[in-house]
Amino acid sequence: MKHITCIEDLRELHKRRVPKAFFDYADRGSYAEETLRANREDLQQIKFRQRILVDVSKRDLSTTILGEPASMPLILAPVGLLGMQCGDGEILACRAAQAAGIPFTQSTMSICSIEDIAANVDKPFWFQLYVMKDRGFIKALIERAIAAKCSALVLTVDLQVIGQRHQDIKNGMTVPPEWTLSKFFDFASKPAWVSGVLRGKRRTFGNLVGHLKGTDDITALSAWTASQFDTSLNWKDVAWIRSIWPGKLILKGILDVEDAEEAEKMEIMFDGGIRSGQDVMRALALGAKSCMIGRAYAYGLGAGGEAGVAKAIDIIRNELNVTMGLCGVNTIAEIDDHVLAV
């Protein structure tokens, strides 16, 4: 890790250490990947004003996220299949986040279960929920998150219709992986990854297996999951979830002003394309209270497990710290559009 200087370095190391199908799952997007590219390109168009002769000797990145103290305005977003990037990946990523003093969000489609993580970390974590047609299962999943003392529920609202991920189809991406000759040679060339995944607690969707009658078989489980994303999801369902979930509720995937107003959203989290501390600064200057990263820490996990996630967080922290100094601000609260070049 000592020669890693930026998130792109972690990405390149991840690409070398993890089988292609799982690297591509983390790295690629749907259809022509226009949004994936635009997320990065749009952020990079935002420029800063550099200020001089300002005392920036007491810079402090600490803040609050949903009223809870955080060491910096950063959250590890939900990413599916982390346990296939590195054995027990969800547990390792959660530990790195908690050691860094920031929240970790577990995906519904994780490899480790809610209970696996809760039994292996010291503090509460967030849980992300996909609303599926089987509302009984969703209610049970929320109740499991309550029992595990998850401190926030992140409700994904922009995945009623799933875009096709061309590369996943080309790679024959399945969990567990289906064996082909090319996959065999790819896996055989990465013995450290194979060993880590084999030592992990699970190699399928931990939140689903054992909790759905008749779907413990992986083929049945995959078919059930593919059929369950609900195109009828609407605001009444959000109200229903709110009636069950007693804690902090985050709506993930709001992209339109009217939808934001409908949600009466009070604290904005920026999610999409964040790869650096400069990107975090840009988002805060535009009005966000905090940022989520997904690919950035998934690269770290694939590159070096818990230490790789810690490195990703540290890279972004250091970049944000330097950018604050160059823009002449000492605290997160001082960051607004005055730091941006018009």
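The values are calculated or read from the model by the stated rules, or taken from the named source; none is laboratory data. Predicted, not measured: the structure shown is a model, and the values here were computed from it. We place every Cβ from the backbone using ideal geometry, glycine too, and count neighbours over all the protein chains shown. Remember, those area values only see protein heavy atoms, side chains included, never the ligands or the DNA or RNA. Shrake-Rupley method; radii C 1.70, N 1.55, O 1.52, S 1.80 Å.
Tell me whether the range 171-320 comes out rounded, prolate or oblate; compute the Cα gyration tensor, take square roots of the eigenvalues as a ≥ b ≥ c, and use a/c under 1.5 as the rounded threshold. Oblate shape, in that a/c is at least 1.5 and b/c is the bigger or equal ratio.
Here the Karplus curve 6.51 cos²θ - 1.76 cosθ + 1.60, taken at θ = phi - 60°, turns the phi angles of the range 270-282 into couplings of 8, 9, x, x, 6, 10, 7, x, 4, 5, 4, 4, 4 Hz, with x standing for Gly and Pro. When the Cα positions of VAL309, GLY273, ILE162 are compared along the charge dipole of the chain, VAL309 comes out farthest toward the positive end, with charges on each C-beta of Lys, Arg, Asp and Glu.
When the dipole is taken about the Cα centre of the chain, and only Lys, Arg (+1) and Asp, Glu (-1) are charged at their Cβ, what size is it in debye, to the nearest 20?
960 debye
Karplus-derived 3J(HN,Hα) values for the range 310-315, using 6.51 cos²θ - 1.76 cosθ + 1.60 with θ = phi - 60°, are 4, 5, 4, 5, 5, 4 Hz; glycine and proline are entered as x.
3J(HN,Hα) couplings calculated from phi for the range 262-268 with the Karplus curve 6.51 cos²θ - 1.76 cosθ + 1.60 (θ = phi - 60°) are, in sequence order, 5, 6, 6, 5, 9, 10, 9 Hz; Gly and Pro show x. Can you give me the relative contact order of the chain as a percent, contacts being Cα pairs under 8 Å and 6 or more apart? Relative contact order of the chain: 31 percent.
Backbone amide hydrogens, once placed in the peptide plane, bring GLN106 within less than 5 Å of TRP126, PHE127, GLN128, excluding anything fewer than 5 places away on its chain.
For the chain, the solvent-accessible area with a 1.4 angstrom probe is 48 square angstrom per residue. The Cβ shell under 14 Å around PRO103 holds other residues with a net charge of +1, Lys and Arg each +1, Asp and Glu each -1. Each of MET266, MET109 has its accessible area taken with a 1.4 Å probe; listed largest first, they run MET266, MET109. For the chain, the fraction of alpha-carbon pairs lying more than 28 Å apart is 42 percent, rounded to a whole number.
Work out which chymotrypsin sites (Phe, Trp or Tyr not before Pro) in the chain are exposed loop sites (DSSP not H, G, I, E or B, at most 11 other Cβ within 10 Å) and give the longest gap free of them.
Here the longest run is 180-342.
The Cα center of the range 17-92 and the Cα center of the range 115-179 differ in position by 19 Å. Here the range 177-301 is assigned +1 on the Cβ of each Lys and Arg and -1 on the Cβ of each Asp and Glu. Its dipole about the Cα centre then comes out at about 780 debye. The fraction of accessible area contributed by carbon and sulfur in the range 208-342 is 54 percent, rounded to a whole number (1.4 Å probe; ligands and nucleic acids excluded).
At the residue level, ASP314 shows approximately 60 square angstrom of accessible surface with a 1.4 angstrom probe and all protein chains present.
Taking the chain as a Gaussian network of alpha-carbon nodes connected by springs under 10 Å, the highest mean-square fluctuation of the residues GLY87, GLY136, GLY247 belongs to GLY136.
Amide H contacts under 5 Å for ARG202: ASP88, restricted to partners 5 or more places along the chain or on a different chain, H placed in the peptide plane at 1.01 Å from N. Near the amide H of THR331, within less than 5 Å, lie the amide hydrogens of ASP60, all on another chain or at least 5 residues away, with H placed in the peptide plane. Please label the shape of the range 266-342 as rounded, prolate or oblate, based on the square roots a ≥ b ≥ c of the eigenvalues of the alpha-carbon gyration tensor (a/c under 1.5 means rounded; beyond that, a/b larger than b/c means prolate, else oblate). Since a/c reaches 1.5 and a/b is larger than b/c, the shape of the range 266-342 is classed as prolate.
Which of rounded, prolate, oblate describes the range 52-136, given a ≥ b ≥ c as roots of the alpha-carbon gyration tensor eigenvalues and a/c under 1.5 marking rounded, otherwise prolate only if a/b is larger than b/c? Walk me through the numbers before you get to the answer.
Working: a/c = 2.60, a/b = 2.08, b/c = 1.25.
Prolate shape, in that a/c is at least 1.5 and a/b is the bigger ratio.
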